[in-house]
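Quick notes on the structure that follows.
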């Protein structure tokens, strides 16, 4: 039986907020020291689970101290960047925290390393690679500027001998901003800013030590790392690390066994799970879930309503970007009839969102403009792009998102600048095309882009999903008129793997 009925009152699901420390008293304390002090309160509680392996919080810090000594012995010093080229795992998690404990700067890279461009120019001194990652090890070993050093039973270290620069004093960690083109940008987040963002996120989601979260999102991106992993670690929750390759299979038996209470997804994962549920291929027990959080990109209302039926719990829409630390706004959707379901919610505590004109003037509620974010967790700057403008905590980020605030301060995002096109006498947003396609077809992901005078639409579907391109064009004609025959170019791709990136 589900723990949440779509007709229940939200008060049945919500717990009383847990008291939070003084947010303005962060000072110069480091994230890792705050975590250590908080975990001393419950040393025997299970911290991390991966397969048949697990660590209590006491064992976690014992492993962190051991790896910290090994890092120091290998020559890693404070301020140097250590890229951890590993999928989500128990060993990657402890090494990440050990790097922080040494006051070096961890940088999780659990995606294709090629997106980082020329590694010799990346300013990363060390690359930690699992001994099982043969392809990455061969790639790094083939570079003349890399020196290989054994580290422990599970990792080797590769040292970049090219000249590198150090990070700013308060840099806690690096994350990747999932840019839309070119090489990925590497974002510097501070200790004070990241602590602020975690505490605001903990309050917005009402996380507690009683929670058990299942992680399948790549922790190389800020949503999985800060929004889920570090936020649950901060409250002393239990973290279940899942293998994305076997996530769908693991859900069936792990969720009930470990009584998972929170799950974080990106929109393609939600659509994929909705599709599998419709085909009766998702016999997992979701009865212990308190909520499912969705972020990383826009999600359509039809997918949210379906997910509430699949999981039997509220869906929490989240909004943010790596450059902002990352979490910005939160909207818990308790009922499928929520009249404001299109909103990404109210700003998190301590965050201010404005809508501004092209001239930078703040606009009144209901007026459409560019989203500007004020937050103490704003990045220090782009680590691999020093020519880009730097930022400091308490500064602002001018996004490329276009939207408006309602009279209650809730944020509605319409799209990104340039995400519009003309059909007949009307101007449409890309999201209107997405809404049509998601409403009529079980696509996992739809992406639109301008190319010359046409709009190219790329869609991804499961391999066994029956769909004809003629049906797609027919739906587009119904929605946007006969002129779209020449306007839209449609391409369909198919997959059987988990889409755990936005």
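Brief remarks on what is shown
- Any hit, the stretch 360-373, residues being modelled with pLDDT under 95 and within 19 Å of residue 414 (Cα to Cα): yes
- Selection of helices (runs of 4 or more DSSP H) fully inside the stretch 163-273 by the criterion of at least 3 residues being surrounded by fewer than 20 Cβ atoms within 10 Å (Cβ to Cβ) and modelled with pLDDT under 90 returns 247-258.
- Any hit, the stretch 153-161, residues being under 22 Å from residue 374 (Cα atoms) and at pLDDT below 95: no
- Residue within the stretch 270-283 that is more than 22 Å from residue 496 (Cβ to Cβ) and either within 14 Å of the chain's Cα centre (by Cα) or not assigned by TED's automatic domain parsing to the domain that holds residue 459 (or both) present: no
- Residue check: residue 421 meets all listed conditions (1) over 26 Å from residue 339 (Cα atoms); (2) modelled with pLDDT of 95 or more; (3) surrounded by 14 or more Cβ atoms within 10 Å (Cβ to Cβ); (4) more than 25 Å from the chain's Cα centre (by Cα) but one, namely (2).
- Just one of the listed residues (431, 486, 475, 494) is touching a residue at least 12 places away in the same chain (Cβ under 8 Å), exposed (fewer than 11 other Cβ atoms within 10 Å of the Cβ) and not in a loop (DSSP other than H, G, I, E, B), namely 486.
- For the stretch 335-388, filtering for residues that are outside any strand (DSSP E or B), within 22 Å of the chain's Cα centre (by Cα) and more than 30 Å from residue 105 (Cα to Cα) leaves 4.
The values are calculated or read from the model by the stated rules, or taken from the named source; none is laboratory data. The model shown is predicted, which means the values in this text are computed figures rather than measured ones. As a convention, Cβ positions derive from the backbone with ideal geometry for all residues, glycine included, and neighbour counts pool all protein chains shown.
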